[in-house]
1. Taking the full set of protein chains and a 1.4 angstrom probe, give the accessible area of THR391 in square angstrom, rounded to the nearest 10.
2. Taking the highest mean first, how do the peptides 432-438, 292-298, 320-326 order by number of other beta carbon atoms within 10 angstrom per residue?
3. Provide the FRET efficiency to the nearest 0.05 for the LYS213-ARG374 pair, computing r from the beta carbons and using R0 = 30 Å.
4. Let me check against my output: what whole-number percent is the relative contact order of the chain, with C-alpha pairs under 8 Å and at least 6 apart?
5. Can you tell me the accessible area per residue over the chain, all protein chains present, probe 1.4 angstrom, in square angstrom?
6. Can you pull the one-decimal nm distance between simple spin-label points at SER174 and HIS203, each 7 Å off the Cα toward Cβ?
7. When the distances between all Cα atoms of the stretch 266-388 are binned every 10 Å from zero, what whole-number percent does each bin get?
8. How would the stretch 28-128 be classified by its alpha-carbon gyration tensor: rounded, prolate or oblate, with rounded meaning a/c under 1.5 and the a/b versus b/c comparison settling the rest?
Amino acid sequence: MDKRTFLKGASAVALAGFLAPAFRARAAGTKRLNVLFLVADDLDVSQTGFMGGKPGLMPNVEALTARSHRFVNGRSVVPICQPSREAMLSGKLPHKSGATGFNPMNQGTVTLPAILQQAGYFAAAIHKIEHMLPQTSFIWDYAQGAPVFARASQNRNPALYESGVELAIAEAKSTDRPFFIACNVNDPHRPFYGSPGGLKLDHQNEGPYKVEKPLAPEDVTVPASLDDLPKVREEVAQYWNSAQRLDISIGRVMKILEKSGEADNTVIFFFSDNGMPFPFGKSTVYDHGTRCPFTIWWPGMGEGRSIDTVSTHLDIMPTLLDLLEIKAPADLAGTSLLPVMRDGKALDRDYVVTYVNQLAGGTNYPQRAIQDKRYAYIFSPWSDGKLAFKTESMRGLTWNAMVEAAKTDPKVAERVHLYQYGQLEALYDIVADPGQRVNLIKNRKLAPTASKMKAALRAYMEKNGDPEIANFDRMQRGEPVIVPQSAATGAAVE
């Protein structure tokens, strides 16, 4: 299906009703702003200097984020690659768009690139094309990367992102249109830098794949969510080295933007699709799964600052459309953050909610977390004591090291069991206990906090038609939860 055919379809009808007036207003004004999305793959809060991570690990990223507005309580609404990107680009909750796992959104879903194209933008995507579906909702003017469902888009050569962005900008200029470019860098996704799989994928780290000063295990800090074991340190070092190569890619893209003459006329978003691909991280609603970098810069915005408003990637789409003065669809789940950045006006929001539904292998592991700046309440209806958790984060050195250590260390054994079999509900103090190791759900002093957060989650689920509300009510009544599984499930790569 080509773009002309697509624009005659249902999505175009949905778009036309609210876009045409907004587009005419902008076309009559001054030169319109370009948009560049710099999207990391599995970049964690522990690696990002402005969120309390490793200073100096990523100098190019630090230079960009230092002048940007930095949302230090920003979270991925879904801590898994494909559903995260689809939620961010549609502005819809996963059960509303149909993107509950590694599957396309519902046909006819209106997306950010489609809205911008209708408003006269040139839309381009660099890699991860297979994670933005259905194709009818993502008719790119230019796309670089593997075809849908192919794995070759894992290439981490920084030169590819540089050339892709350079070509996209040139194509946009040739058609005299402002550009929207989603540059999806594949680092620091597994397989990590220097691991056997990474060496095979990255040509033995030769040439452009090489990091000049790889970190050793003794150079890293193990996140509080993980046990400080030698093999864990080794894999965290590999992960951080992958982040260093991400930084090289970001630096090369930023130089191309400068060279194009469009740097002073481009809105730049930097964020990650989700958190670290380690136990108690990616594919879970724990902090190291959802909390990840999220920054915004635009010409003339003034000095960048840290903002502690709780937010999710669902806020990206309404924020950008607000900034570009393009009317947004009425059914977006997020809220524009522009008033927060411009006026310091706080959002009328106490909590954010994050989701896991189905993993890449097809198994349903539903999870919900509601959190403010201090506490996180987690509801995991999949946890029945029988179903075992299986995910990509169990590959590599860390999980195997934890399993081995559990044979002689009761505390590690308890941690391993928790990750494998979960717990129906939990309350964590994410300030005092950043590793989320102490479940406070039975703490009498915090009973009012737990009750308040559970009531807020219940209300949010009801308002948004969350299919897990039935299980939440069963849990509240002390009844068994019910999580159906399809006939064919199995582990796969997230």
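1. 10 Å²
2. So the peptides 432-438, 292-298, 320-326, ranked by packing, come out 292-298, 320-326, 432-438.
3. 0.20
4. Rounded, it is 20 percent for the chain.
5. Solvent-accessible surface per residue comes out at 39 Å².
6. The answer from the label model is 2.6 nm.
7. Per 10 Å bin, starting at zero, the Cα-Cα P(r) for the stretch 266-388 comes out as 11, 38, 31, 15, 4, 0 percent.
8. Oblate, since a/c reaches 1.5 and b/c is not below a/b.
The values are calculated or read from the model by the stated rules, or taken from the named source; none is laboratory data. Keep in mind the model is a prediction, meaning the values are calculated, not measured. All Cβ positions, glycine included, derive from the backbone under ideal geometry; neighbour counts span all protein chains shown. Ligands, DNA and RNA are excluded from the accessible area calculation, which covers all protein heavy atoms including side chains. Shrake-Rupley method; radii C 1.70, N 1.55, O 1.52, S 1.80 Å.
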